[in-house]
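A.B. asks: Quick one: structure below, then a few questions.
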Amino acid sequence: MAAHVAGKLQGSDHTELSGIAELALAEPQELSFLINEHDLEIAKTTKAAAVLINDSLAGVSLPMVWVSNVPEAINLVLELFAQPPEFEPGIHPSATIAPDAILGTNVSVGANVVVEDRTTVGEGSVLQAGCYLGHDCIVGQQCRIAPGVIVTERTEIGNRVVLGENVVIGSQGFGYRRRDGQQRHIPHLGAVRIGDDVEIGAGTCVDRAKFGFTVIGRGTKIDNLASIANNVRIGEDCLIAAQAGIAGSARLGDRVVFGGQVGVRDNITIADGVIAGARSAIHHDLPSGVIVLGVPALERRQVLREQAVLRRLPQWPARIKKLEKRLTDLESAADHC
Amino acid sequence: MAAHVAGKLQGSDHTELSGIAELALAEPQELSFLINEHDLEIAKTTKAAAVLINDSLAGVSLPMVWVSNVPEAINLVLELFAQPPEFEPGIHPSATIAPDAILGTNVSVGANVVVEDRTTVGEGSVLQAGCYLGHDCIVGQQCRIAPGVIVTERTEIGNRVVLGENVVIGSQGFGYRRRDGQQRHIPHLGAVRIGDDVEIGAGTCVDRAKFGFTVIGRGTKIDNLASIANNVRIGEDCLIAAQAGIAGSARLGDRVVFGGQVGVRDNITIADGVIAGARSAIHHDLPSGVIVLGVPALERRQVLREQAVLRRLPQWPARIKKLEKRLTDLESAADHC
Amino acid sequence: MAAHVAGKLQGSDHTELSGIAELALAEPQELSFLINEHDLEIAKTTKAAAVLINDSLAGVSLPMVWVSNVPEAINLVLELFAQPPEFEPGIHPSATIAPDAILGTNVSVGANVVVEDRTTVGEGSVLQAGCYLGHDCIVGQQCRIAPGVIVTERTEIGNRVVLGENVVIGSQGFGYRRRDGQQRHIPHLGAVRIGDDVEIGAGTCVDRAKFGFTVIGRGTKIDNLASIANNVRIGEDCLIAAQAGIAGSARLGDRVVFGGQVGVRDNITIADGVIAGARSAIHHDLPSGVIVLGVPALERRQVLREQAVLRRLPQWPARIKKLEKRLTDLESAADHC
């Protein structure tokens, strides 16, 4: 374990570890960790079998693994303890699979799953209880489609894709046209295409395209409850945090990173590597690599400077009033000169 | 087709068209479109059978349809290619329909659908796989209730209503009353009433009323992942974009238009025809027809003026400091006068 | 009824009441209410059997119940009319219950419910149609799990908990680590723990912890479509309005109150009794009892002062320009002195 996190072990290397927990809650077979000096006191009484500790701390007589970055080491340790969930291959008797759907080898189909006509599911993929695949979909290999997911017709999904609980892929786009005094829905004849290794969080909705595809690029990860509108194209290896709203036909490049609750206007282009802070509202095209913030989103430095000035703003009216008074005094003095 | 979009055809009028696609992706039987001059080069090599093109562009030797507004013409063309999804009338054997529920003629009921006691569904409506209708609901004619939709007891739904995937209608309102040191839920005895031709996007939740009805007026369209609280009343023909949050007992008039992620405070009234930009937070009553923006939402002109001043703000402290310095110099000079 | 709301009755006390409704809509057996003087005219023609009326109003010849706070009295009356929904104990034949799951007495299991291995459900709890409980979950007594809810493995749920329609508990956290040029998911081995009397609104998603538990404390109420990230800890008796987004490992104390669409940064601590206005974005630790607003969230007084200054901002450039002009005039006059 120490080797896995590039740490230096102090103490016995024969300890069996069963999991990881905070210092105060750790059981005798568990690993724990110490990030702040504040927790040194707790460390002295922990039941933990061993402790991940920062290079810069000292003074606890437990088996220790000295590392340069404890949070990162925790993430590495979690990989050691992880046991991939096991889904038995086979089709639950309550599932409804269309006769012309094609399921690959070792596919696992849970209770109440529905797979419609002509849809194919690749080797080793898991359709958890109650998920729904519309007709003419393609699902790749080793995917996990969580309980309650709705995938509508003609969606294309790559390999190793994870769709979280109650995700919706292929909902109708929000496009209307006024005719005879009423809003009529514009037909959305396209679909959604999801690249390899994409992961989408619980409750997120991705609309189908008017024509062609709404695209989520290879390796991109999207958090919970985001709304991705019709004809959006997201590049590769992006990270989109929770509750983002991306409007119709917006384009994101590769490696774009969004904090939570970001909004993106329709039809704009965000180039590779852009980073947008939480709650940013992006109204304009953004060039490669910029870091933005705010509503409307501007370069981070500018926003922080404006905020600093804004914080001092309430003292200004008095200051200007005083200036005006002094000036008036001077002027009247000058008149009497 | 040219007639349908009020365009002028150049080239053969015997071409068979199978769909619409971007210039670079179009197949030989597909229609494409040219909006920007930038794409003129691509147009020269497209495989498309014909191209929608703006009046003001020229110079490509393909069958052309000259129109004054290409995006609008695309929307019109999509209507030509649209093939309404076909749902076979009948009840899937896995559906659970209460004995006293009443289904009209030509109703289509998908796999795992549940319809509870005394609920009625009008002629030609479609209940897609896995949707749920609670007891004593009324669903009109020609509705589409998408997979995963939850409609709770006593909901009233008009004709031609579309409820998108995983929509929830009739959830409990968020109303609590402190009693004996604890928050107790206030009973919400009312329900939800949805007018004709309403369409609601995937994942949106509409709470039931404390008494009477939460109302979504005829023809109103709501996008994905919006939250509509108890006793809200939305008028007719409104357009509410994604992730709007409308708090309890707020009232919206007719033809109100919201951009994405708008918030509305509880108990306020927004008159007919109000337009609120994306991310607006509306805290006060708004009169008919105003266009608002910002947090708190103010008239758009004022917000844009404030933002312009705000952008120049960081240069001001230096300017005022300089004024103070010059004034001090003058004052001391005056003293020596 | 008058006693229940601490009101003073005027008129017959033998009237039978069947429900509550607005003045204009009330039926002859219904109670109504009068809050504004504006409604006095309507009150004269209402069909209502009786009216809740504010102490300060007078002049209507209907049976009256004079109270000091009509909205509060309405909430109290709703409790009188409330009839708790009845769910018959028993297991619907379409449900899929693992052989080693344990259901307490009087548990009600609806159509298409799935309960996985080793999960236990306490006495009197209701699993509504189509909800899903993963393996090794514990659900307490008298809970209501609404239609479409997804609860994943190892979740712990207390007594009298309500999970609204399409809620997701235990989704994967949004935690990734870059390795070999790709974002890899960090295993989330923990789970979610929900205290007694918690109520969670429709569509809300709560992520499982990396290790240990994401915790929602006893008595806390969360509205619709909120996103609660991995390892968040929310204290007791909090009220979190719709569409809140709380990032990873943030901690909230007891009795915290959030308006709608609030955002909370990861890893920060919000102490007991903090109140955050709608749309606040909390970036820093907050001490006990403060009232905050804005982006970034600051003390309410400061934000309102800044907003007031901001509103007058557009008049300032002219004012400063004028000052500069006057000063220049004076300076040149002084030079000629």
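A.B. asks: Among the residues that make up region B:284-301, is at least one of them closer than 26 Å to A:N224 by Cα, without any contact (Cβ under 8 Å) to a residue 60 or more places away in the chain and away from chain A (no Cβ under 14 Å)?
C.D. replies: no
A.B. asks: Let me ask something else about it. Can you tell me which condition B:E88 does not meet? The list is (1) of a type in the set (D, E, K, R); (2) at pLDDT 85 or above; (3) over 29 Å from the mean Cα position of the chain (by Cα), and all the others hold.
C.D. replies: With (1) of a type in the set (D, E, K, R); (2) at pLDDT 85 or above; (3) over 29 Å from the mean Cα position of the chain (by Cα) applied to B:E88, the lone miss is (3).
A.B. asks: A further question follows. Within region C:299-337, how many residues turn out to be of a type in the set (D, E, K, R) and over 14 Å from B:R319 (Cβ atoms)?
C.D. replies: The qualifying residues number 11.
A.B. asks: Taking the criterion of being open to solvent by 10 Å² or more (accessible area, probe 1.4 Å), within 12 Å of chain A (Cβ to nearest Cβ) and polar (S, T, N, Q), would at least one residue in region C:200-209 satisfy it?
C.D. replies: No - not one qualifying residue is present in region C:200-209.
A.B. asks: Mind counting the residues in region C:117-129 that are within 23 Å of the chain's Cα centre (by Cα), away from chain B (no Cβ under 14 Å) and not in a loop (DSSP other than H, G, I, E, B)?
C.D. replies: 0
A.B. asks: When region A:210-232 is examined, which residues are found to be over 20 Å from A:D254 (Cβ atoms) and surrounded by fewer than 24 Cβ atoms within 10 Å (Cβ to Cβ)?
C.D. replies: A:K210 - this is the single residue of region A:210-232 that is over 20 Å from A:D254 (Cβ atoms) and surrounded by fewer than 24 Cβ atoms within 10 Å (Cβ to Cβ).
A.B. asks: Within region A:267-278, does at least one residue satisfy the condition of being closer than 30 Å to B:A318 by Cα and facing another protein chain (nearest Cβ under 10 Å)?
C.D. replies: yes
A.B. asks: Can you give me the number of residues within region C:130-146 that are in a loop (DSSP other than H, G, I, E, B) and either away from chain A (no Cβ under 11 Å) or at pLDDT below 95 (or both)?
C.D. replies: 7
A.B. asks: Then there is this: Restricting the search to region C:93-116, which residues are open to solvent by 10 Å² or more (accessible area, probe 1.4 Å), assigned to a strand (DSSP E or B) and of a type in the set (A, V, I, L, M, F, W, C)?
C.D. replies: Matches in region C:93-116: C:I97, C:I102, C:L103.
A.B. asks: Determine whether region B:171-180 contains at least one residue that is more than 8 Å from every other protein chain (Cβ to nearest Cβ), under 16 Å from C:N224 (Cβ atoms) and of a type outside the set (A, V, I, L, M).
C.D. replies: Checked against the condition, which is being more than 8 Å from every other protein chain (Cβ to nearest Cβ), under 16 Å from C:N224 (Cβ atoms) and of a type outside the set (A, V, I, L, M), region B:171-180 yields at least one hit.
A.B. asks: Same structure, new question: Scan region C:117-134 for residues that are among the aliphatic types (A, V, I, L, M) and buried (at least 24 other Cβ atoms within 10 Å of the Cβ) and jot them down.
C.D. replies: Within region C:117-134, C:V121, C:L127, C:A129, C:L133 meet the criteria.
A.B. asks: Please state which one of B:G212, B:G140 is within 22 Å of the chain's Cα centre (by Cα) and among the small types (G, A, S).
C.D. replies: Being within 22 Å of the chain's Cα centre (by Cα) and among the small types (G, A, S) holds for just one of B:G212, B:G140, which is B:G140.
A.B. asks: Going by the conditions given, is A:E165 within 13 Å of chain B (Cβ to nearest Cβ) and either farther than 18 Å from B:V162 by Cα or crowded, with 24+ Cβ neighbours inside 10 Å (or both)?
C.D. replies: yes
A.B. asks: For region C:175-190, how many residues are over 10 Å from C:R208 (Cα atoms) and either in a strand (DSSP E or B) or in contact (Cβ under 8 Å) with a residue 12 or more places away in the chain (or both)?
C.D. replies: Looking only at that region, the number is 11.
A.B. asks: For region C:309-337, name all the residues that are within 16 Å of B:A333 (Cα to Cα), more than 10 Å from chain A (Cβ to nearest Cβ) and open to solvent by 80 Å² or more (accessible area, probe 1.4 Å).
C.D. replies: C:D335, C:H336
A.B. asks: Among the candidates B:K221, B:K210, which residue alone is closer than 30 Å to B:E86 by Cα and in contact with a His (Cβ under 9 Å, 6 or more places away or on another chain)?
C.D. replies: It is B:K221.
A.B. asks: Here's a follow-up. How many residues does region A:233-278 hold that are aliphatic (A, V, I, L, M), assigned to a loop (DSSP other than H, G, I, E, B) and out of contact with any His (no Cβ under 9 Å at 6 or more places or on another chain)?
C.D. replies: Result for region A:233-278: 9.
A.B. asks: Still on this model: Within region C:147-162, how many residues turn out to be within 9 Å of chain A (Cβ to nearest Cβ) and more than 26 Å from B:G134 (Cβ to Cβ)?
C.D. replies: Number of matching residues: 1.
A.B. asks: Of all residues in region B:279-308, how many are surrounded by 14 or more Cβ atoms within 10 Å (Cβ to Cβ) and of a type in the set (S, T, Y)?
C.D. replies: Looking only at that region, the number is 1.
A.B. asks: Another question, then. In region A:247-278, what residues are in contact with a Lys or Arg (Cβ under 9 Å, 6 or more places away or on another chain), under 23 Å from C:A244 (Cα atoms), crowded, with 20+ Cβ neighbours inside 10 Å and not small (G, A, S)?
C.D. replies: Within region A:247-278, A:Q261, A:V262 qualify.
Yes/no matrix, rows are residues, columns are (1) among the hydrophobic types (A, V, I, L, M, F, W, C); (2) under 18 Å from the mean Cα position of the chain (by Cα):
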site	(1), (2)
A:L252	yes, yes
A:G259	no, yes
A:H283	no, no
A:L298	yes, no
A:K322	no, no
A:H336	no, no
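The values are calculated or read from the model by the stated rules, or taken from the named source; none is laboratory data. Predicted, not measured: the structure shown is a model, and the values here were computed from it. Cβ: placed from backbone, ideal geometry, glycine included. Neighbour counts: every protein chain shown. Areas reflect the complete protein model, heavy atoms only, side chains present, ligands, DNA and RNA absent. Shrake-Rupley method; radii C 1.70, N 1.55, O 1.52, S 1.80 Å.
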